[in-house]
Amino acid sequence: MSSVAVLTPESFAEHRSGLKDQEITEDEAYIPTYLEAFPPLPEKGTPGEKSGEPASAWGSKIRPIKASVITQVFHVPLEERRYKDNSQFGEGEEAKVCLDIMQRTGAHIELSLAKDQGLSIMVTGKLDSVMKARKEIVARLQTQASATVAIPKEHHRFVIGKNGEKLQELELKTATKIAIPRPDDPSANIRITGTKEGIEKARHEILLISAEQDKRAVERLSLEKAFHPFIAGAHNRLVQELSQETGARISIPPPSLPKDEIVITGEKEAVALAVNRIRTIYDDKKRKTTTISVEVKKSQHKYIIGPKGNTLQEILEATGVSVEMPPLDSGSETIILRGEPDKLGPALTQVYAKAKSVMVVEVTAPAWLHRFIIGKKGQNIGRITQQLPRVHIEFTDGEERISLEGPTEEVEQAQAQIQEIIKDLLVRMDYTEVIIDQRFHRHLIGKNGANINRIKEQYKVSVRIPQDSERSGLVRIEGDPKGVQLARRELIEMVQRMENERTKDLIVEQKFHRTIIGQKGEKIKEVRDKFPEVIINFPDPSQKSDIVQLRGPKNEVEKCAKFLQKIIADLIENSFSLSVPIFKQFHKNIIGKGGANIKKIREETNTKIDLPTENSNSEMIIITGKKSNCEVARERILAIQRELVRDESEVTIPAKLHNSLIGSKGCLVRSIMEDCGGVHIHFPSEGSGSDKVTIRGPAGEVEKAKKQLLQLAEEKVGVNRQMEMCTCSTDGVVFLSIHFHGEITGQEAPPQENGEVSPEAEFVPRKCDIITISGRAEKCELAKAALLALVPITEDVEVSYELHRYIIGQKGSGIRKMMEEYEVNIWVPQPEKQLDVIKVTGLAANVERAKQGLLERVKELQAEQEDRALRSFKITMSVDPKFHPKIIGRKGAVISQIRKDHDVSIQFPDKGDEQQDLIVISGYERNVEEARQAIQQLVAELQEMVSQDVHLDPRTHARIIGARGKAIRKLMEEFKVDIRFPQPSSDEPDKVTVTGLPETVDNAIDHLLNLEEEYLLSVTETETLAAYMKPPSGGPAKGFVVRDAPWNAAGNKAPDMSSAEDFPTFGTGVAPKQASAWGPKKF
């Protein structure tokens, strides 16, 4: 009867490092033996180690140092090229793809075009960069094929390698995509996607890996590459028969792989038999065969090779002769035929026949007919290619020729069919071309293509309107002859109607816009109802623009413009305003009880009267309306003040001193009013000619203010002292307009108000305009010349009426600045006159400088106008709304970058808009076009994206996601995909969705599956160990139980876990005992 020993969890912790990975059940009926739980350590070295040989820290072999930069050259045949447009070689899609790959991998790529239109690619850089670049080039520039290879399921993990490294290395080496089925998938087939050459290499490598892992014999034969076709046989039939007969697996490297090693795997007897058979074939062919060389044009080589090398296999099958072709990327035209002497002749005949089996014919057809020959969705040309699949038909864009290539008989049939189609189309089809100004194109197309689609449906024609980027006005109409003419006539009529349209800009101060529009647009609606054919556009208030745009038939636009100008004139007339200074304490009397006084004045004078707020320091009351009404209202208000004021006095001071008494911004007169107890001093308006200054306020304060004012005036007097000169018998008389006397004496001339006086006024000499100079004749002449030099002159400067408001500036700031800078007076005509002239008055030198400055300002404004027009170019593009969030990006990052890169404005539709797919881009035309292309490229990439579900064990999700999602974010950035894990409450907790480009999605899924496999190992180990430690249900833990323990033998006792002898501490010396329950010591 076996004895049972019990260990506690603590004692098990000391020994569990020796446990095997095995499944432990919770069944208490089974108790493992001591040897099962604690297997003994091996007594000898590990297999393969040679005892007695000292291990070298450097290893048995030092790896040679390889060059850090390598160069690889490979060739892409014409039939496998993805982009075959050679008209812009070096500038097309191939060049863009290569540039993108260079930026992503850091490798240098050079393209060249061979004579047979194949593509030669040279890649230079570090090994890792070159391999990555090569893989991307093959995937993006070469058409892809796929194949499957079956190896035992248990060998799959060796193809994947640790962390998927072997698989990645194999994909880089062969430039293919290798898909290995999941562990739970019963299929043993591995799918390889890539070029034919890459598939062959990958298949060969996978079979080699499988063979190395197969526990059968492996034999490697190095035989000359030239004899491999004889061993493989035509279409690999001979090697397949050998495999079936011998039961061995035979792997022959493909022709594209520069290896001469044939690998045979299987049972030893089968391998030996296969080796003998292969050597027999090799020796026989080497003894009997000979070779001949022939020269064939490089362009004909592809016909000798045939699709996927089938023609070479047919020659080998028919004659037993192997045809060795030079590499497609070499310049050699020599073909070598290897076989028995009596069979070389027939084989040579077949080679020449295949080289000449294909003919090329060109059919002439007008370029505009090409798309009709092709048919809708390629229906017409598709019927021909289905009947004659070996004929290649190529249309050259913009040229009147169609190329046919293929077997002679089939090419002739295809030529006859195409010529019949051309003849039929020429009879029932016609075309015409119309030159239409590019600015009308968008109107011809209409909103969402409504106009052009109606014409196409109505007349059964095709209308081609060039893109904006083509900068062409040529519109082409094709279809039924009668329909073509009718469509042409309608397009011309539409253009004529549009040419009759006129756009006119009215300059209306923005402050009048709301008044013209009216409350809820009532007033402008009346104008639009009166002129229904005219479109009236007001600028957005935020633009602060004064331009109101009218568009419609010429006559109606003119009538509408005159009507609006009349409204504007009335508004201007009613917008006259003046300010009345009234003592602050009298404002409430002006208002009256309940506003009765002010309301009565407003109604009777038909004016608008605004008083300052109570907490304001201003005393000015502003009256707005017609000038005559405003003056009446002012008198009414002043009359109320006069009744209330205690004292009023008038003092006479020459009008020429008023400005100097007022001071800068009224500082001098304000100081007098404040000093004199708040009296009010009123000066007459400029240009009135009055010398009377009115002072109102308390009696004592009025007198005080009067004295101060007169004292200040005395100080300012002195500039008009009259100087006497010696008299002479000769008098000189100079006629000057009194308008200019102030200029000569240094005084300011009276300003012009409301355009009443202008430089255009005719000068008629008056008595007051005469200045008399007395003195000697020569002195009088000098004085006369000096006076005339001080007389201002007036010059006209031609400036477009449209630029006047910009020269005047906001509230006249622009023109004031120029007048101050150049010391001249600048007169701008009234807006309603619409004159293209500005008059400049002043001294000759100042006028010349002002004129130059004005012309410079005009140039600046014209440049700004042109720039504004260029920047206002707009284009509307339609993009599926589902792509809008991706285009905008997180927090607008993507769209902000596009705006910044191209300096454009991009507007997305608002939520309430009817057309949610329209995106508006505005800016410079070139920038807009580049931005549109960037968005289109982004949309194209988004359209190519796919979503695939992959099932991953939920136990590995947390490891894959990582702490705070760091690992999964890194993975998404590396593979350029979006990965979504299921919610905890999901019905499918193992379903993970991967979104991105097909290639990146496949790569990401493969990586996820590799991670799952790796993490599952550690999960399984953890669960296995946890099973040992898990206490049985239904009671307290009994510890770890084993049978047949050493301490259960007769005469032994269980070890004492508290004893330092039985369980010694590392580093502590303990005296050994004679006998140990653990058995004899091993040294």
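The values are calculated or read from the model by the stated rules, or taken from the named source; none is laboratory data. What you see is a predicted model; the values in this text were computed from it and never measured. Virtual Cβ from ideal backbone geometry, glycine too; neighbours counted across all protein chains shown.
Given the structure, is I815 of a type in the set (V, I, T), in a helix (DSSP H, G or I) and within 30 Å of I568 (Cβ to Cβ)?
Considered against the rule, which asks whether it is of a type in the set (V, I, T), in a helix (DSSP H, G or I) and within 30 Å of I568 (Cβ to Cβ), I815 comes out as yes.
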The one condition in (1) touching a residue at least 40 places away in the same chain (Cβ under 8 Å); (2) in a loop (DSSP other than H, G, I, E, B); (3) of a type in the set (S, T, N, Q) that N597 fails to fulfil: (2)
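Select from segment 525-545 the residues that are out of contact with any Pro (no Cβ under 7 Å at 6 or more places or on another chain), assigned to a loop (DSSP other than H, G, I, E, B) and within 20 Å of K559 (Cα to Cα) and list them in ascending order.
Answer for segment 525-545, where residues must be out of contact with any Pro (no Cβ under 7 Å at 6 or more places or on another chain), assigned to a loop (DSSP other than H, G, I, E, B) and within 20 Å of K559 (Cα to Cα): F531, P532, V534, F538.
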Residue in segment 335-345 that is touching an Asp or Glu at 6+ places or on another chain (Cβ under 8 Å) and within 20 Å of L238 (Cβ to Cβ) present: yes
Odd one out for Q916, checked against (1) without any contact (Cβ under 8 Å) to a residue 12 or more places away in the chain; (2) in a loop (DSSP other than H, G, I, E, B); (3) not hydrophobic (A, V, I, L, M, F, W, C): (1)
Single residue of segment 175-202 satisfying the filter (farther than 18 Å from T1000 by Cα and touching a Lys or Arg at 6+ places or on another chain (Cβ under 7 Å)) that is modelled with the highest pLDDT: A188
Out of A145, A133, sole residue that is surrounded by fewer than 20 Cβ atoms within 10 Å (Cβ to Cβ), among the aliphatic types (A, V, I, L, M), under 38 Å from the mean Cα position of the chain (by Cα) and farther than 21 Å from I209 by Cβ: A145
Any hit, segment 610-627, residues being in a helix (DSSP H, G or I), in contact (Cβ under 8 Å) with a residue 24 or more places away in the chain and over 60 Å from the mean Cα position of the chain (by Cα): no
Unmet criterion (only one of (1) touching a residue at least 12 places away in the same chain (Cβ under 8 Å); (2) in a helix (DSSP H, G or I); (3) farther than 30 Å from N448 by Cα) for L870: (3)
Whichever residue in segment 114-129 is surrounded by 14 or more Cβ atoms within 10 Å (Cβ to Cβ) and at pLDDT below 85 and, among such residues, is farthest from Q144 (Cα to Cα): L127
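Here is a yes/no grid of residues against (1) in contact with a His (Cβ under 7 Å, 6 or more places away or on another chain); (2) more than 30 Å from L337 (Cβ to Cβ); (3) polar (S, T, N, Q):
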site: Y352; (1), (2), (3): no, no, no
site: E362; (1), (2), (3): no, yes, no
site: I373; (1), (2), (3): no, yes, no
site: N380; (1), (2), (3): no, yes, yes
site: Q387; (1), (2), (3): no, yes, yes
Cβ-Cβ under 7 Å pairs, at least 6 apart or on other chains, segment 821-850 side closer than 20 Å to A569 by Cβ, far side in a helix (DSSP H, G or I) and hydroxyl-bearing (S, T, Y): Q834/Y801; L835/Y801
Matching entry among G700, G666, G689 (being under 30 Å from F576 (Cα atoms) and either surrounded by 14 or more Cβ atoms within 10 Å (Cβ to Cβ) or over 60 Å from the mean Cα position of the chain (by Cα) (or both)): G689
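Across segment 420-439, what is the total count of residues that are outside any strand (DSSP E or B) and within 46 Å of the chain's Cα centre (by Cα)?
Result for segment 420-439: 10.
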Exclusive hit being surrounded by fewer than 16 Cβ atoms within 10 Å (Cβ to Cβ) and modelled with pLDDT of 75 or more, set P1036, P998, P1032: P998
Selection count, segment 568-605, where residues are over 57 Å from the mean Cα position of the chain (by Cα), of a type outside the set (A, V, I, L, M) and surrounded by 13 or more Cβ atoms within 10 Å (Cβ to Cβ): 12
Pairs where the first residue, in segment 884-901, is of a type in the set (K, R) and the second is not in a helix (DSSP H, G or I), C-beta under 6 Å, 6+ apart: R899/I906
Flag for I190 being closer than 28 Å to L952 by Cα and part of a strand (DSSP E or B): yes
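If I go through segment 394-418 residue by residue, how many of them are of a type in the set (A, V, I, L, M) and in a strand (DSSP E or B)?
Of the residues in that region, 2 qualify.
Every residue, every condition in (1) farther than 30 Å from A147 by Cα; (2) hydroxyl-bearing (S, T, Y); (3) exposed (fewer than 15 other Cβ atoms within 10 Å of the Cβ), yes or no:
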residue	(1), (2), (3)
I281	no, no, no
T289	yes, yes, no
K298	no, no, no
I304	no, no, no
A318	no, no, yes
G345	yes, no, yes
S357	no, yes, no
V360	yes, no, yes
P366	yes, no, yes
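From the list E499, E522, E478, which one is farther than 30 Å from F576 by Cα and not in a strand (DSSP E or B)?
E499
Which strands (runs of 3 or more DSSP E) does segment 197-268 wholly contain that include 1 or more residues that are surrounded by fewer than 20 Cβ atoms within 10 Å (Cβ to Cβ), in the same structural domain as V149 (by TED's automatic domain parsing) and of a type in the set (D, E, K, R)?
217-222, 261-266
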Strands (runs of 3 or more DSSP E) contained in segment 300-393 and holding at least 1 residues of a type in the set (S, T, N, Q) and in contact with a helix residue (DSSP H, G or I) (Cβ under 8 Å, 6 or more places away or on another chain): 322-324
Among residues of segment 513-533, those that are surrounded by 11 or more Cβ atoms within 10 Å (Cβ to Cβ) and either in contact with an Asp or Glu (Cβ under 9 Å, 6 or more places away or on another chain) or polar (S, T, N, Q) (or both), counted: 5
Which listed residue, of I960, I906, I895, is in contact with a Lys or Arg (Cβ under 8 Å, 6 or more places away or on another chain) and among the β-branched types (V, I, T): I906
